[in-house]
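Notes for the one structure printed next.
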Amino acid sequence: MNTPADSSASSSGLPRLLPTIHGPADVKALPAAQLGQLAQEIREEIIAVTAKNGGHVGPNLGVVELTLAMHRVFSTPEDQFVFDVAHQGYVHKLLTGRGGAFFQGLRQSGGASGFLYRAESAHDSYGAGHAGTALSAALGMATARDLRGSQEHVVALCGDAAFTCGITLEALNNVVSSTKRLIVILNDNEWSIARNVGALSKYLNRLSTNSTYNKVHHDLEKFFTGLPGGQDMHRMWMKWKRETKDFIVESSLFEKFGLRYLGPIDGHNLEELVKNLEFAKHSDTPVILHVLTKKGKGLDAAVAHPEKFHGASPYDPATGESIKAPGAASAPAWQDVMGKALVRFAQADARIVGITGAMPSGTGLSHLAAECPKQFFDVGIAEEHAVLFAAGLATKGIRPVVAIYSTFLQRGYDPIIHDVALQNLPVTFCMDRAGLSPNDGPTHHGLFDLAYLRCVPNATIMQPKDEDELVDMLHTSLQLPGPGFIRYPRGPAAGVPVKARPAVLPLGQAEVLRQGSNIMIWALGSMIPDALALAARLEAEENLSVGVVNARFVKPLDRTLLLSHAACIPLLVTLEDHVLSGGFGSAVLEALQEADCPAAVERLGWPDKFVEHGSSQEILRAAYGLSADDLYRRVLARWRNRHTAPVETGV
Ligand SMILES: Cc1ncc(C[n+]2csc(CCOP(=O)(O)OP(=O)(O)O)c2C)c(N)n1
């Protein structure tokens, strides 16, 4: 079914419809009989583009008919769609004037973003990349509409896993007290990234398969809406049902929150979808449509492997096999090194457990799930709960390791301070994807964790230069009396062997990798190879003596070594894959200032801006003055002007 993205005939041999769709008006104008062909072409396009660029294959293939139906019934940009996570927005992009070369550049520099952004299109009424925000934001938009007295429809599209987020439930609790007009679509495919977890997902499963409940509700809904004044009668029936405590017919959970429940609806049946959306459009109470979809529909490999094809790297659509970029590193991914090391530690010490927020494979905890299932917890998309749960475990002598991407740990910030750090509880945080996440863009870059953690008392913060040091850091953190944070980037580790017995690292001790007398580069973790290359080039081309320090600890910082360098080396350089504001370089400046040490320091890192998505690290670094040549030029310029005051080096 994989047709070249720009071919003029569809796989059915008919002229392609997709190139004629320039906006929602074209979707509405299409005869209903042609919608099936359009759905097929959309699937072909998504498969062709994601096979080349990678992306969220399964979630988008699952919502083709649903998104088509939304655009048949509603009119964006006047009506507002709010997509939860917004990883399932490809179909919406294709229907709102973002097809062709722009879509074929998905997740690449200058091409469509993998998520939705208000800046990308007027049809994106709300941007996202993190889960669980849609219902609250949609409720805010609906309430604003009511306050302004306008009439547009607000539709929130939430996956079943969004309901594992506390925020979604907080929003649900507020719907009826905020508005009478809100349409919530629950896209239930039974999967988060891995299979969905928790009591609510079991409940949804029961709801969608309880035939007695569904039949009674369908029949009654049909009966009431067929009568004159049926809406009012239906409302009275719902109220009576709530007040009699479901004595005769059980209400769905959503009805208890005051929403009208419609469903379950076959999410691949366009006619049924359109009919139900039309009904919801005219409802005078908030409505939830429970839509059942198949994740990955249209690509056999994606249906067979929903977890792999949730967010896939480039693949062969015929076999589903991943395609490795030529020359790609063969070293293990950082998360797998961490996950396998954790298995070793957990097997040796039953107090050690791992916690993930719905990302067992992304964080490497799938290894622990397979080897030590009793010591593994997937709490769903519930980062705040994950941190609190770990805090509770730690009060009872358990040694929890919370593995969460740097960007998603932002959700767990209050309990990090209020629960873990304030009580000095020994919880280890493994912050994956710390640093740039190029194809994903600003919602996923892990560029803020040092800034938000450095200010937290009792925190120990580390970043390893290679996988052997990562295992040492995990081992070290598991011995700490309080919280330990380890950050490491996306992608392959350095490719060094991991020793059999890990070492406990001396706290706050950096490592000199290369001596130098003119310039000393203090580099953090993933930036060490860049620092070593920079030092070698400055030495070869400028005859400068340049050293490199592997900082290892951001907190506590190795002040003794730093002050000794500041005393005798004319220029210090800091290098980090993090924003400059509040990052590692800031820690160095603070330490020097506290010691009254007037050293020249050049800080190199990301500027005070949200960095867009891009094709690669290299392209984005070049765009922000951080390419290898830029680093060389900037350090050399500063060396030549080293007697002037330090300058802010962000672009
Ligand atoms: C706060 C947060 N945690 C974790 C993630 C990673 N994540 C992206 S999509 C997803 C699962 C979404 O599942 P669901 O909402 O059911 O949508 P589906 O992909 O099944 O359509 C997760 C866990 C995220 N985006 N945001």
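The values are calculated or read from the model by the stated rules, or taken from the named source; none is laboratory data. Since this is a predicted model, take the numbers as computed values, not measurements. Positions of Cβ are backbone-derived with ideal geometry, glycine not excepted, and every protein chain shown enters the neighbour counts. Note: areas computed on protein heavy atoms with side chains; ligands, DNA, RNA excluded. Shrake-Rupley method; radii C 1.70, N 1.55, O 1.52, S 1.80 Å.
Under a 5 Å amide H to amide H cut-off, with H placed in plane at 1.01 Å, what residues pair with Ile265 once short-range neighbours are removed?
Amide H to amide H, under 5 Å and 5 or more residues apart or across chains, Ile265 pairs with His290, Val291, Leu292.
For segment 453-508, what D do you get in µm² per second when you plug the Kirkwood radius from alpha-carbon pairs into Stokes-Einstein at 20 °C and 1.002 mPa s?
The Stokes-Einstein estimate is 178 µm²/s.
Assuming 1.002 mPa s and 20 °C, estimate D for segment 529-651 with Stokes-Einstein, Rh taken as the Kirkwood radius over Cα pairs, in µm²/s.
This corresponds to a translational diffusion coefficient of 142 µm²/s.
Restricting the count to DSSP beta bridges whose residues both fall in the chain, what percent are antiparallel, rounded to a multiple of 5?
20
Give me the aspartates and glutamates in straight-line cross-link reach of Lys52: C-alpha distance below 16 Å, same-chain residues under 8 apart excluded.
The reachable aspartates and glutamates, counting only those whose Cα sits under 16 Å from Lys52, are Asp6, Glu44, Asp316, Glu321, Asp440.
For the chain, what's the relative contact order in percent, using C-alpha pairs closer than 8 Å and at least 6 residues apart?
Relative contact order here is 10 percent.
Sequence-distant or interchain residues sharing an amide H contact under 5 Å with Leu580, placed H: which?
Placed amide hydrogens put Trp606 under 5 Å from Leu580.
Note down the accessible area of Tyr452, probe 1.4 Å, to the nearest 10 Å².
30
Set the bar at 25 Å for Cα to Cα. Now go through Lys180/Lys202; Lys93/Lys180; Lys340/Lys465 and name every pair that lies beyond it.
The answer is Lys180/Lys202; Lys93/Lys180.
With axes computed from alpha carbons, what is the tilt in degrees of helix 35-53 against the longest principal axis of the chain, rounded to the nearest 10 within 0 to 90?
Once rounded, one gets 10 degrees.
What part of the accessible area of the chain, given as a whole %, is carbon or sulfur when the probe is 1.4 angstrom?
56
Can you show me the helix-derived [θ] at 222 nm for the chain, built from DSSP H runs with n ≥ 4 at -39,500 (n - 2.57) apiece and divided by the number of residues, rounded to the nearest 500.
-11500 deg cm²/dmol
Please identify every one of the GluC sites (Glu not before Pro) in segment 1-103 that sits in a loop by DSSP and has no more than 13 other beta carbons within 10 Å of its own beta carbon.
Glu78
On a 1.4 Å probe surface of the protein chains, which of Glu190, Glu469 comes out largest in accessible area, and what is the full order?
Sorted by accessible area, descending: Glu190, Glu469.
Identify, among Leu409, Thr428, His444, the residue whose Cα sits farthest towards the positive end of the charge dipole of segment 334-487, taking +1 on the Cβ of Lys and Arg and -1 on the Cβ of Asp and Glu, with the dipole about the Cα centre.
Thr428
Rank these residues by their accessible area, most exposed first, probe 1.4 Å: Phe389, Phe345.
Result, largest first: Phe389, Phe345.
Measuring with a 1.4 Å probe in the full set of protein chains, what accessible area per residue, in whole Å², belongs to the chain?
On a per-residue basis, the chain sits at 39 Å².
Which semi-axes, in whole Å and largest first, does the equivalent ellipsoid of the chain have when worked out from the alpha carbon gyration tensor as the square roots of 5 times its eigenvalues?
Each semi-axis is the square root of five times an eigenvalue, giving 48, 29, 22 Å.
So if I take the centroid of the Cα atoms in segment 251-322 and the same for segment 392-430, what is the distance between those two points in Å?
34
Leu116's amide H: which non-local residues (gap 5+, or another chain) put their own amide H closer than 5 Å, with H modeled 1.01 Å from N in plane and none for Pro or chain starts?
Ala128
Please work out how much accessible surface Leu544 shows to a 1.4 Å probe, ignoring ligands, DNA and RNA, in Å² rounded to 10.
Leu544 has an accessible surface of roughly 10 Å² with all protein chains in place.
Taking the alpha-carbon centroid of each part, what is the distance from segment 333-384 to segment 516-576 in angstrom?
A separation of 35 Å, based on Cα centres.
Any idea what angle helix 270-281 forms with the longest principal axis of the chain, computed on alpha-carbon atoms, 0 to 90 degrees, nearest 10?
That helix lies at roughly 90 degrees to the long axis.
Roughly how far apart, in whole Å, are the Cα centres of segment 621-641 and segment 144-162?
What the calculation gives is 47 Å, centre to centre.
Between the helical axis of 166-178 and the dominant principal axis of the chain, each derived from Cα atoms, what acute angle in degrees is found, rounded to the nearest 10?
Approximately 40 degrees, to the nearest ten.
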